[in-house]
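Just below is one structure, and these are the notes that go with it.
The values are calculated or read from the model by the stated rules, or taken from the named source; none is laboratory data. This structure is a prediction, so every number in the text was calculated from the model and none was measured. Here the Cβ positions follow ideal geometry from the backbone for every residue, glycine too, while neighbour counts run over all protein chains shown.
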Amino acid sequence: MGSKTRSLLIALALGAIAAVIGSALLLLPNDSIPLVHRVTDLQTHFAAVDNAQKLGFGTPWYDNSDNKTDKIVVIPIDELSFGSKISELHQYPYPRRVYGTLLKKLKAAGAIVAIFDIDFIEPSNPVDDQLFLEGIKAMPTILAFPLDTTTNGNIGIELPYKPFYEAAKGIGSSTVDEPGNVMIGQPMEIKTAGTGRDANQTYYALAAAGVQYYLGKKLDLASLPKDDDGRFLVLAPTRNVLQKTTDQGGVIEEHTPTFTSQFLSFSDAYSEPVKDLHDVVNGAMVYIGNTAQAQGDLVQTARTPNYPGLFANARMAQQLLSGWYIKPAPTWFDLILIFALPLLIALSFNFLKTTLAIAISLLGTVVYAYANFALFVKALVWVDAIHVGLAMILATLFVGLYRVLVEAAQRRMVTNLFGMHVSPAIVNDILSADDPRSELALKGKKVKATIFYSDIRGFTAMSETMTPEAIYAQLNEYFEEMCAIIFQYGGYVDKFIGDCVMAVFSAPYQTPDDAKNAVLAAVAQQKKIKELSEKWKAEGKREFTVGMGINTGDVVMGNLGATSRMNYTVIGDNVNLAARLYNVAKAGEIIISDYSYQEVKDLVVAEEREPVMVKGKKDPISIYNIIDIKEGVLLPTDGAHPVAAHHA
C-alpha cells in the first residue's frame with residue numbers, strides 16, 4: 001500500500017470517527033445530556049430566529065406583528081383575575097358555576113367554540129357542576145383530558161367527568177411532550193393500543209380538536225409535517241410581559257401571546273357586558289386556561305422559558321389554521337449529512353495543503369451553519385445544525401492534527417535519513433554545543449572505548465538460495481532488533497558492512513561501564529537471535545547464527561572524511577583487534593579480549609580459549625567466550641540508557 005493511499009484511508013477513518021461521535025450525540029435520548037441532544041439543536045434554530053435581523057435574514061414572516069389571528073381569542077386565568085374585585089375569582093380552582101356563566105356569555109356574544117385547557121376529571125359541588133353542565137350544553141365546548149400510561153405500558157386517557165364529556169362537542173389532549181424538559185410540540189392524533197382500556201381509539205390534541213370543530217371538518221392530520229416521534233412541532237412564539245394594575249391597586253406582570261390580536265383577562269371576560277364581549281369573541285374560537293405563575297401551568301419552549309401551556313396550545317391551533325408548519329428533516333437525512341460532510345473534509349486534506357484544507361473546512365462549517373439557519377428562518381425547514389457542525393469541526397481537528405503530525409514526522413524522517421551516518425547521541429551532542437559548527441571540525445581525540453563486531457555465519461551461502469527481496473527483508477528485521485539492543489545499552493551503531501554490524505560503547509561520552517554494557521548487549525543480542533530463529537523457522541524462513549567479537553582499549557574517535565561527507569567513527573589497533581575477534585568467534589559465540597574480560601569478569605560466566613595472534617602484536621592475545629551472565633546481576637530495564645543516565 002502506497003503512502004498516499006494509506007494517508008487517504010487514515011484521513012477517511014478519522015473523518016468517520018468524527019461522524020460517529022456526531023451521530024451518537026444526535027441519537028442520544030433527549031433527556032440525557034444537556035446541550036448536545038436534538039432538542040438543543042431546535043433551540044439553536046430559534047436563537048437564529050431571534051437574531052434574524054443581525055444575521056441578515058430579515059424579519060421572519062411568522063413573527064411579523066401583522067400576522068395576527070382574529071379567529072383565536074385567548075382568555076387566561078391570570079394574576080389580574082385573582083386581583084379583581086370579584087371575590088369568587090380570588091381563589092383557584094374556581095367554582096364551576098363561574099365557567100358555566102362565562103360559557104353562556106360567550107354563546108350570547110357569538111363565539112363559535114370554547115376550548116378549555118383545564119381538566120375536569122372528577123365531580124365537584126353538584127350545584128356548581130349542574131351550572132357548568134348547562135353552560136357546556138349552551139356553548140359548544142371542547143374539554144381537555146390528560147394522557148396516562150396503562151399497566152401494560154400503553155397509552156391511556158383520563159376522560160372528563162362523564163356528564164361533561166357527554167355534553168361536550170369533543171375532547172382534546174392537554175398533555176404536551178417535554179423531551180429534555182422542553183415543550184417542542186405534541187402528536188395531533190393519539191391512537192390507543194389494540195387491547196385494554198380505551199382500545200383502538202383515535203383521540204386528538206386540544207389544538208386539533210378545537211380547530212376541527214371550528215372549521216366543521218376533519219383535518220388531514222396524518223399528512224402534517226412531524227418529527228420522527230410523530231410530534232407536530234410548535235412554532236414557539238416570543239413572550240410579551242405587560243405591567244398592569246389590579247383592582248386593589250397592585251402592579252403585576254401579565255403574559256400576553258404575541259400571535260393573537262384578541263386577548264382578554266378572565267376577570268374582564270367574566271364581568272364585561274355581552275355587547276362588549278361580542279366585539280372580541282364574535283366568530284372566534286376561544287381558548288381558556290390558567291397562565292398565573294403561581295399555579296405552575298408553565299412550560300419551557302424552544303424559545304421561551306416559563307411559557308403558559310395555554311398559549312402553546314393556542315399557538316398550535318393558529319398553525320393549523322394558517323398552515324405554518326415546521327418541517328423537520330428525518331433523522332436518516334441528518335445522519336447522511338453527519339457522515340458525508342466530515343468524509344468530504346477528510347478527502348479534501350489529500351488534495352490541498354494542510355493549512356488551506358483546515359481554513360476551507362472551517363469556512364465550510366460556517367457556511368453550512370449559516371445556510372442551515374437561513375433555511376429554517378425563511379422556510380421553517382429544520383435540518384440538524386449542531387451535530388453536523390460538530391462532526392465537521394471534529395473531522396477538521398482530527399485529520400488536521402494527523403496531517404500536522406505526519407508532516408512533522410516526514411520532516412524528521414528526512415533529517416534522520418541525512419543523519420543516519422552518525423548516532424542520535426552524537427547529533428544531540430553537536431546540537432547541544434555552544435557552537436555546533438565547531439563540533440564538525442575534522443579532528444579526533446584519543447579515548448578509551450569498547451568496540452563490538454558481529455557477523456552472520458554462512459550468510460553468503462544462505463543468500464544464494466534466497467531472492468534479493470527475502471534477503472533484504474530478513475536482514476532488515478535482524479538489524480532492527482540488533483540496533484535496538486545496542487541503543488538500549490548505550491552504544492551507537494558505527495556502520496553496517498554487508499551482514500556485519502560495528503558498534504562502539506560509548507560515544508560521545510565515555511563511562512566506566514562501557515565494556516560491561518557491550519557484553520550485556522551482546523548476550524541480549526544472542527538471546528534475541530534465538531527468538532528470531534524460532535520465529536523464522538515457524539514462518540518457513542532460513543535460520544542463521546551470529547559470531548561476535550568485543551575488545552576494549554584506546555582508540556582515536558572523531559569526524560573522519562571530507563567536508564562534504566564525514567563519518568563519526570573510531571580507528572586504531574584496538575578496532576582491528578575487535579574485528580579479528582569476531583572472525584575467530586564461531587556460530588553463536590561472543591569472543592572478548594582479555595582487556596574487556598578484566599572489566600567484566602565479575603559479571604559473566606566465561607571460558608578461556610586458545611590465545612590468538614593478531615597482526616601488529618608480538619604476543620598472542622588471550623581471549624574468552626562468554627557463556628552467560630552470572631545470576632543476581634542487575635540488568636537495565638527495557639528502555640534504559642546507561643550512557644544518558646551516567647552523563648546526567
Note to self: Can you confirm whether residue 56 is under 54 Å from the mean Cα position of the chain (by Cα), free of Cβ contacts under 8 Å to residues at least 12 places away in the same chain and farther than 26 Å from residue 192 by Cβ?
What the structure shows: yes
Item checked: Residue, farthest from residue 572 (Cα to Cα), within region 435-464, restricted to residues that are of a type outside the set (A, V, I, L, M), out of contact with any helix residue (DSSP H, G or I) (no Cβ under 7 Å at 6 or more places or on another chain) and modelled with pLDDT of 85 or more -> 457
Next item on the list: Could you please find all residues in region 529-550 being over 14 Å from residue 457 (Cβ atoms) and crowded, with 16+ Cβ neighbours inside 10 Å?
Entry: 532, 536, 541, 550
Check: Can you spot a residue in region 598-610 that is in a helix (DSSP H, G or I), out of contact with any Lys or Arg (no Cβ under 8 Å at 6 or more places or on another chain) and charged (D, E, K, R)?
Finding: no
Note to self: With part of a helix (DSSP H, G or I), buried (at least 17 other Cβ atoms within 10 Å of the Cβ) and of a type in the set (Val, Ile, Thr) as the only criterion, which of 355, 396 stands out?
What the structure shows: 396
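To keep it simple, each residue is scored yes or no on (1) more than 30 Å from residue 114 (Cα to Cα); (2) surrounded by fewer than 23 Cβ atoms within 10 Å (Cβ to Cβ).
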{"residue": "306", "(1), (2)": "no, yes"}
{"residue": "310", "(1), (2)": "no, no"}
{"residue": "327", "(1), (2)": "no, yes"}
{"residue": "338", "(1), (2)": "yes, no"}
{"residue": "349", "(1), (2)": "yes, no"}
{"residue": "361", "(1), (2)": "yes, no"}
Notebook entry, point to check: What single numbered condition from (1) β-branched (Val, Ile, Thr); (2) at pLDDT below 80; (3) closer than 30 Å to residue 40 by Cα fails to hold for residue 331?
Noted result: (2)
Check: Checking residue 583 against (1) outside any strand (DSSP E or B); (2) modelled with pLDDT of 90 or more, which test does it fail?
Finding: (2)
Note to self: Against the definition (of a type outside the set (Asp, Glu) and either under 59 Å from the mean Cα position of the chain (by Cα) or not assigned by TED's automatic domain parsing to the domain that holds residue 449 (or both)), how does residue 532 come out, yes or no?
What the structure shows: yes
Next item on the list: Tell me which residues, restricted to region 51-109, are of a type in the set (Phe, Trp, Tyr) and closer than 24 Å to residue 379 by Cα.
Entry: 57, 61, 62
Margin query: Step by step: first the residues of region 280-297, then only those that are surrounded by fewer than 20 Cβ atoms within 10 Å (Cβ to Cβ) and more than 24 Å from residue 216 (Cβ to Cβ), then the one that is modelled with the lowest pLDDT. Which residue is that?
Written below: 296
Check: Within region 140-157, can you find the residues that are modelled with pLDDT under 85 and in contact with a Leu (Cβ under 8 Å, 6 or more places away or on another chain)?
Finding: 155, 156, 157
Check: Would it be correct to say that residue 360 is among the aliphatic types (A, V, I, L, M) and touching a residue at least 40 places away in the same chain (Cβ under 8 Å)?
Finding: no
Check: Restricting the search to region 266-279, which residues are of a type in the set (Phe, Trp, Tyr) and either out of contact with any strand residue (DSSP E or B) (no Cβ under 8 Å at 6 or more places or on another chain) or modelled with pLDDT of 95 or more (or both)?
Finding: 270
Margin query: Being within 17 Å of residue 18 (Cβ to Cβ) and either assigned by TED's automatic domain parsing to the domain that holds residue 214 or of a type outside the set (D, E, K, R) (or both): is that true of residue 323 here?
Written below: no
Check: Can you spot a residue in region 614-627 that is in a helix (DSSP H, G or I) and closer than 25 Å to residue 482 by Cβ?
Finding: no
Margin query: For region 67-114: of the residues being within 17 Å of residue 139 (Cβ to Cβ), touching an Asp or Glu at 6+ places or on another chain (Cβ under 9 Å) and part of a loop (DSSP other than H, G, I, E, B), which is modelled with the highest pLDDT?
Written below: 109
Notebook entry, point to check: Between residues in region 120-146 that are farther than 22 Å from residue 175 by Cα and residues that are surrounded by 20 or more Cβ atoms within 10 Å (Cβ to Cβ) and basic (Lys, Arg), which pairs lie under 6 Å by C-beta distance while being six or more apart or on different chains?
Noted result: 124/96; 128/96; 129/96; 132/96
Item checked: Scan of region 157-176 for residues that are assigned to a strand (DSSP E or B) and either surrounded by fewer than 17 Cβ atoms within 10 Å (Cβ to Cβ) or free of Cβ contacts under 8 Å to residues at least 40 places away in the same chain (or both), ordered by number -> 171, 173
Item checked: Filter result for the condition that a residue is touching a helix residue (DSSP H, G or I) at 6+ places or on another chain (Cβ under 7 Å), hydrophobic (A, V, I, L, M, F, W, C) and surrounded by fewer than 19 Cβ atoms within 10 Å (Cβ to Cβ), over 55, 28 -> 55
